[in-house]
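First the structure, in the form of structure tokens, and then the observations on it.
The values are calculated or read from the model by the stated rules, or taken from the named source; none is laboratory data. For clarity, every value in this text was computed on a predicted model and none was experimentally measured. Cβ: placed from backbone, ideal geometry, glycine included. Neighbour counts: every protein chain shown. Ligands, DNA and RNA are stripped out before the accessible areas are found, and what is left, the full protein with its side chains, is counted by its heavy atoms. Shrake-Rupley method; radii C 1.70, N 1.55, O 1.52, S 1.80 Å.
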Amino acid sequence: MKTHIEPFKIKTVEHIYITTQEEREAALKEAFYNPFALRSDKITIDLLTDSGTTAMSSKQWAALMDGDEAYAGSVSYYKFEEAVKKITGFKHIIPTHQGRAAEKVLFSVVAKEGKVIPNNTHFDTTRGNLEFIGANPVDLPTDIGVQPEVIADFKGNMDIEKLEAAIKKYGAENIPIGMITITNNSGGGQPVSMANIRETKEVLSKYGIPLYLDCCRFAENAYFIKTREKGYENKSILEICREMFSYADGATMSAKKDGMSNTGGFIGTNSDQVAEKCRTNLIVMEGFVTYGGLARRDLEALAIGFEEVVDENYLRYRVNQSKELADTITAAGVPIVMPAGAHAIYIDAKRFAPHIKPEHFPGQSIACEIYRISGVRTTEIGSLMFGKKDKDGNHIAPNMELVRLAIPRRVYTKSHMEYIAEAVIEVYKNREKLRPMRLTWEAEYLRHFTCRCEYI
Ligand SMILES: *Cc1c(COP(=O)(O)O)cnc(C)c1O
């Protein structure tokens, strides 16, 4: 059969809000043209993020009831630990309440002011956590990784030559760890090949630098390896995951992604020393070592989530749901980062609205307009999220100006996807009418979450 179906049926339904254009215009104004500030009862389809927006399975909901709320030594923790170890093979698994908490705790142990962390592309919270302590996050994507129109299998890869050059430039003694983000979220949700993970490990090992994976979407990355990388077509997703993690010394994860749950995260490491220090800091920052800021019942749901996410039928549905949306909008001419990622479609705002300069936030303008006409919420990943200023106050734009349509796991049906496509295509048809924007207020870190904007 050619038709891709959702590999689940619906047992409980959740009401969604249908609004008028007038209501949405008022809501946008009230939110200072920042979709992050919209109330969710003004949103029809929410593509702000795939983080913690997953629909849990009936097995996960049932497991919540089995949560053992013991403060220390909870049986639920041991189920979680076993499930994560089965996939990653790491010696130590330390739970956290979400991904950035795992980063904060790990960096409090391995990073310091002035230290350099190379990554294929740091996600915004990873970058924010490092900058917060005065460390220097360095992005080393490949050249094709930052060219939205180029179609290639593994555009999320680390640039190995740039990695070697960076180690020589900064000195291995100033690089406490190297990281690879799978899949490369800020780089367009693009996967990283097994060969690239292996080569990165080889280079880092030469200099005695451990490799940590930011593994939020490890299962989606594994599915891309299975379907795109020679030699992996007959391996199971679990086998591929085990091999990916075998090259790493540790990992941080937001389990709100491929943990198939609404909250959670972990630090994995093979280092007894790092684990011991992380556990000490965890108690101060997150909670005791067998719950890390989570309700123990959440660990039950995660233990099952980690089993469900490596199901190939689920991953095939997941990847094809995104691909079909990408195919529909690109057929109408909408420029996107090619090929489609699994967890999101990224509109290329530079080509979508070439009349708006990066410093006037073309992505934000597109995101606001998509919401205005349809109630579909998306998010800017470009100058607003990553833009910087030089000492003269001039705008320094990131490599790409994107609008991310993140797809929550197991939440939206085919007709929802058709509605999203219609909205995007409609905005594209009227793209000359999109207006430039400017900031009226911004916070010191991670400004896109709370900033205020207006049309110029
Ligand atoms: C979501 C995400 C994080 C941060 O996780 P939170 O759970 O949102 O704190 C870190 N890295 C990547 C690649 C992510 O996608």
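Accessible area of segment 58-308 with a 1.4 Å probe: how many percent of it is carbon plus sulfur?
Numbers: 4780 of 9270 Å².
Carbon and sulfur together cover 52 percent of it.
Please work out the Cα center distance from segment 11-68 to segment 395-456, rounded to the nearest Å.
If we compute the Cα centre of each part, the gap is 16 Å.
Each label point is 7 Å from the Cα along the Cα-to-Cβ direction; what then is the distance between the points at residue 199 and residue 323, in nm?
A separation of 2.5 nm, rounded to one decimal place.
Students sometimes get this wrong: rank 150, 424 by accessible area, probe 1.4 Å, all chains present, largest first.
Details: 150 40, 424 0 Å².
So the residues, ranked largest to smallest area, are 150, 424.
Which value in nm describes the separation of the simple spin-label points at residue 331 and residue 227, placed 7 Å from the Cα toward the beta carbon?
1.7 nm
Work out the length of the dipole vector of segment 58-308 about its Cα centre, built from +1 on the beta-carbon of each Lys and Arg and -1 on the beta-carbon of each Asp and Glu, and round it to the nearest 20 debye. Mind dumping the intermediate values first?
Working: 29 positive and 34 negative charges, 41 e Å.
Charge dipole, segment 58-308, about its Cα centre: 200 debye, nearest 20.
Could you calculate the contour length gain from residue 172 to residue 449, that is, 0.36 nm times the residue separation minus the distance between their Cα atoms, to one decimal place in nm?
Numbers: separation 277, 0.36 × 277 = 99.72 nm, distance 3.42 nm.
Value of the extension gain: 96.3 nm.
What is the sum of charges around residue 89, taking Lys and Arg as +1, Asp and Glu as -1, for the other residues whose C-beta is under 15 Å from the C-beta of residue 89? It would help to have the intermediate numbers written out before the result.
Numbers: positive: 85, 86, 91, 201, 242; negative: 81, 82, 239, 243, 249.
Computed value for this residue: 0.
Suppose R0 equals 25 Å. What FRET efficiency, 1/(1 + (r/R0)^6) with r the Cβ-Cβ distance, do residue 425 and residue 16 give to the nearest 0.05?
On the way: r = 21 Å, r/R0 = 0.84.
About 0.75, to the nearest 0.05.
Sort 395, 343 by accessible area with a 1.4 Å probe, largest first. Intermediate values should be presented prior to the final figure.
Numbers: 395 60, 343 0 Å².
From most exposed to least exposed: 395, 343.
Work from the charge dipole of the chain (Cβ charges, +1 for Lys and Arg, -1 for Asp and Glu, about the Cα centre) and give the residue of 356, 51, 241 farthest towards its positive end.
Among 356, 51, 241, the one farthest towards the positive end of the dipole of the chain is 356.
Could you state the accessible area per residue of the chain in Å², with a 1.4 Å probe and every protein chain left in place? List each step's numbers first, then the result.
Details: 19230 Å² over 456 residues.
Value returned for the chain: 42 Å² of accessible area per residue.
Looking at segment 133-229, which GluC sites (Glu not before Pro) are DSSP coil and have at most 12 other C-beta atoms within 10 Å of their C-beta? Could you put the intermediate results ahead of the total?
Numbers: sites: 149, 161, 164, 173, 199, 202, 220, 229; in loops: 149, 229.
In loop regions of segment 133-229 (DSSP not H, G, I, E or B), the sparsely surrounded GluC sites (Glu not before Pro) are 149.
If a/c stays under 1.5 just call it rounded; otherwise compare a/b with b/c (prolate if a/b is bigger, oblate if not). Do that for segment 58-308, with a ≥ b ≥ c from the square roots of the Cα gyration tensor eigenvalues.
On the way: a/c = 1.96, a/b = 1.29, b/c = 1.51.
Oblate is the answer for segment 58-308, as a/c is 1.5 or above yet b/c matches or exceeds a/b.
If you take the square roots of the eigenvalues of the alpha-carbon gyration tensor of segment 211-286 and sort them as a ≥ b ≥ c, do you get rounded (a/c under 1.5), prolate (a/b over b/c) or oblate? Walk me through the intermediate numbers first.
Details: a/c = 3.79, a/b = 1.79, b/c = 2.11.
Here segment 211-286 falls in the oblate category.
Once R0 is set to 41 Å, what does the formula 1/(1 + (r/R0)^6) return for the Cβ-Cβ distance between residue 41 and residue 144, expressed as a FRET efficiency to the nearest 0.05? Walk me through the intermediate numbers first.
Details: r = 42 Å, r/R0 = 1.02.
Between residue 41 and residue 144 the formula returns 0.50.
About the Cα centre of the chain, what is the dipole size in debye to 20, counting +1 per Lys and Arg Cβ and -1 per Asp and Glu Cβ, all else neutral? List each step's numbers first, then the result.
Details: 58 positive and 61 negative charges, 38 e Å.
Charge dipole, the chain, about its Cα centre: 180 debye, nearest 20.
Can you sort 170, 212 by solvent-accessible area, 1.4 Å probe, largest first? Each step should come with its number before you reach the end.
Numbers: 170 65, 212 5 Å².
Correct descending sequence by accessible area is 170, 212.
Quick one: with all protein chains in place, what share of the accessible area of segment 394-456 is carbon or sulfur, to the nearest percent (1.4 Å probe)? Don't skip to the end; give the middle numbers.
Details: 1580 of 3290 Å².
Carbon-and-sulfur percentage of accessible area, whole number: 48.
What net charge is computed for the residues neighbouring residue 309, neighbours being all others with C-beta under 11 Å from the C-beta of residue 309, Lys and Arg scored +1, Asp and Glu -1? If you can, show how the numbers build up before the last one.
On the way: positive: 217, 257, 318, 409, 410; negative: 220, 258, 307, 308, 311, 312.
Here the count lands on -1.
Based on DSSP H runs of at least 4 residues, each adding -39500 (n - 2.57), what is the mean residue ellipticity at 222 nm of the chain after dividing by all its residues, to the nearest 500 deg cm²/dmol?
Details: 16 runs with 181 residues, N = 456.
Value at 222 nm, helices only: -12000 deg cm²/dmol.
Residue 78: net charge of surrounding residues, Cβ under 13 Å, Lys/Arg +1, Asp/Glu -1, itself excluded?
Working: positive: 79, 85, 86, 296; negative: 66, 68, 81, 82, 300.
Once all neighbours under 13 Å are counted, the net charge is -1.
Between rounded, prolate and oblate, where does segment 81-167 land on the alpha carbon gyration tensor, with a ≥ b ≥ c its root eigenvalues, rounded for a/c under 1.5, else prolate if a/b exceeds b/c? Mind showing how you got there, number by number?
Values: a/c = 2.07, a/b = 1.31, b/c = 1.58.
Because a/c hits 1.5 or more and a/b fails to exceed b/c, segment 81-167 counts as oblate.
Which whole-angstrom value gives the distance between the alpha carbon centres of segment 266-300 and segment 338-358?
When both Cα centres are located, 37 Å separates them.
Give me the Å³ per residue figure for the convex hull around the C-alpha atoms of the chain.
Working: hull volume 64.7 nm³, N = 456.
Expressed per residue, the convex hull around the Cα atoms of the chain is 142 Å³.
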